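One structure is given here, and the rest of the page talks about it.
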Amino acid sequence: MTLSKKTKKMRLLQFFLVSTLVFTALNSFYAAPKLIAQNVITFSIDMRGAIIQRWLDPLRENVGVRGSIAPLRWDSTLIAFDPDRDSIYTLTVPLSSGGKYTQLFGKRKLAYKFKIENSQRLGPNSWETVQNSTLLLTGKPQTVKRTFNVQSLAPTPPTRLASVRVHEFFQPKTLLQRTISVYVPPGYDNSTQRYPVLYLHDGQNIFDDATAASGEWYADEIAEMLIKSKKLPPCIIVGVSVRGEDRINEYTPVPMRRADGLGRADDIGGKGSMHAQMLAEEIKPFIDSTYRTLKDRANTAVGGSSLGGLISIYTAMTYPSVFGRVMAMSPSVWWSNSWILASIRQTIADSIPTSLKPAQCRIWVDIGDAEGVEAVAGARELKNLFIEKGWKLNANLGYMEAKNAPHSETAWSERLEPALSFMFGRVRR
């Protein structure tokens with residue numbers, strides 16, 4: 001049986017259409033960013049020295065791991081085991097594949113620490129005394145062999161975009177020298193336009209995995225993507241770094257007092273006023289004189305996470321004429337018996353000329369529901385207090401409770417898009 005010319009033409013057309021669809025699908029597959037496979041990590045924890053030195057009682061105490069990527073967490077321990085009793089404890093953990101941005105923009109770095117559990121005698125000393133160790137994930141099974149209290153750091157290549165300019169030796173008058181990293185939007189060098197500015201705390205974690213303690217935020221890549229897709233107006237993002245040993249002091253408005261409320265020599269924290277002054281009176285003028293910025297309050301935002309979120313709120317309260325937008329991710333409301341809540345109740349009022357006012361300030365607050373009951377309750381109380389003081393939800397107050405989100409850099413990176421959009425995008429009034 002022979003086919004008619006019409007039938008042949010129809011089949012050729014069908015073949016062409018199917019081939020085109022297959023080619024398009026394959027091209028899209030290979031052009032798409034490759035997602036990072038799930039990482040399976042086996043920890044081999046050498047506790048022989050700890051047992052010899054009687055740091056560990058293997059009959060009563062457990063050894064485990066805490067870390068920055070689920071199911072590892074910083075607020076609970078996954079227990080390792082020593083079935084053959086050779087004092088080498090092992091734990092195998094399949095890590096989550098991470099969020100959208102960590103999969104889009106590159107490899108991830110795990111920060112982790114070993115800890116002794118069920119110890120009545122060690123108390124706070126049950127942690128390793130060295131700083132966090134790190135591991136650069138490969139997407140393949142990996143084994144970590146390490147002796148307790150011997151730090152291991154993964155060499156990490158720089159990941160910041162070329163649009164991030166770095167000022168390494170900025171010297172404030174009152175606080176220590178630090179690095180200032182500045183992301184400028186696409187087209188910055190070829191225009192005369194001026195831009196709104198977001199000042200972010202923990203600048204070492206914002207743009208570059210090589211300097212980040214527990215993985216970066218990918219703030220430069222996320223901002224670049226949103227600006228190019230016209231989901232975000234062009235803006236400048238400034239990362240202000242801090243040393244780990246200075247962070248608590250600089251990011252807390254008041255010291256953490258003992259239970260009796262009396263000041264002691266070993267109280268910690270409380271240099272937040274000096275930090276706020278540095279940001280408003282030294283760093284902002286430096287950025288305004290070096291870059292084409294919109295200098296007014298409405299185009300100047302300050303933000304951060306955890307204690308960085310706490311100090312961001314305090315900085316805006318202290319300098320309401322300078323900062324008109326605040327981004328507080330997982331803010332440490334609990335600090336010093338929730339001092340920030342009492343301060344907001346007392347100092348934010350229309351009757352006080354220098355007070356932070358709803359008509360002049362846009363605020364973003366968020367929390368992950370896996371950060372703990374106390375953290376979620378604190379964020380909700382903060383949100384409700386701002387509403388009580390005159391802010392309107394989804395107008396000049398943004399609020400988010402992220403599902404299954406822990407207290408981590410990865411979680412904050414995932415919430416950066418809606419936070420940036422709220423900071424600089426149009427919102428309902």
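Please treat every number below as a calculation from the coordinates, not as lab data. Values in this document were obtained by computation on a predicted structure and should not be read as measured data. Neighbour counts are summed over all protein chains in view; Cβ atoms, including those assigned to glycine, are modelled from backbone coordinates with ideal geometry.
How long are the semi-axes of the ellipsoid equivalent to the range 40-147, from square roots of 5 times the Cα gyration tensor eigenvalues, in whole Å, largest first?
Semi-axes from the Cα gyration tensor: 27, 14, 11 Å.
If you look at just the Cα atoms of the range 81-203, how large are its Rg and its Dmax in Å?
Cα-based Rg and Dmax for the range 81-203 come out at 21.0, 69 Å.
Would you work out the relative contact order for the chain, in percent, from Cα pairs under 8 angstrom that are 6 or more residues apart?
It rounds to 12 percent for the chain.
What is the sum of charges around Gly324, taking Lys and Arg as +1, Asp and Glu as -1, for the other residues whose C-beta is under 9 Å from the C-beta of Gly324?
Its environment carries a net charge of +2.
Between Pro172, Pro186, Thr159, whose Cα lies farthest towards the positive end of the dipole of the chain when Lys and Arg beta carbons carry +1 and Asp and Glu beta carbons carry -1, centred on the Cα centre?
Pro186
If you put +1 on each Lys and Arg Cβ and -1 on each Asp and Glu Cβ, how big is the dipole of the range 324-425 around its Cα centre, in Debye rounded to 20?
440 debye
Using only the Cα atoms of the chain, construct the convex hull and provide its projected area averaged over every direction, in square nanometres to one decimal.
30.9 nm²
Specify the inter-centroid distance of the range 150-205 and the range 61-101, based on alpha-carbon positions, in whole Å.
Taking the Cα centre of each part, the range 150-205 and the range 61-101 sit 33 Å apart.
List the residue ranges in the chain for DSSP H helices whose C-alpha atoms run 24 angstrom or more along the long axis and whose Kyte-Doolittle average is 0.0 or above.
5-31
Among Thr315, Thr147, what is the fewest-to-most ranking by other Cβ atoms within 10 Å?
Fewest to most other Cβ atoms nearby, the residues stand as Thr147, Thr315.
Using the Cα centre of the chain as the reference point, and only Cβ charges (+1 on K/R, -1 on D/E), how large is the resulting charge dipole? Debye, rounded to the nearest 20.
1960 debye
If you average the sequence gap of Cα pairs under 8 Å that are 6 or more apart and divide by the length of the range 86-238, what percent do you get for the contact order?
21 percent
Fewest to most neighbouring Cβ within 10 Å: what's the order for Phe207, Phe105, Phe323?
Going from sparsest to densest Cβ surroundings: Phe105, Phe323, Phe207.
Hey, what number do you get for the chain at 222 nm if only DSSP H runs of n ≥ 4 count, each worth -39500 (n - 2.57), divided across all residues, to the nearest 500?
When only DSSP H runs of four or more count, the value is -8500 deg cm²/dmol.
Fewest Cβ neighbours within 10 Å first, please rank Phe386, Phe169 accordingly.
Sorted ascending by nearby Cβ count, the order is Phe169, Phe386.
For the range 315-429, with equal point scatterers placed on the C-alpha atoms only and solvent neglected, what are the log10 I(q)/I(0) values from the Debye formula at q = 0.10, 0.13, 0.21 1/Å, to two decimals?
Summing over Cα pairs of the range 315-429 leads to -0.28, -0.48, -1.24.
Which pairs, out of Lys113/Lys140; Lys100/Lys230; Lys383/Lys403; Lys228/Lys389, put more than 27 Å between their alpha-carbon atoms?
Distance filter (> 27 Å) returns Lys228/Lys389.
Enumerate the whole-percent occupancy of each 5 Å bin, from 0 to the last occupied one, for all C-alpha pair distances of the range 197-325.
The calculated distribution, bin by bin, is 2, 10, 18, 21, 19, 15, 7, 4, 2, 1, 0.
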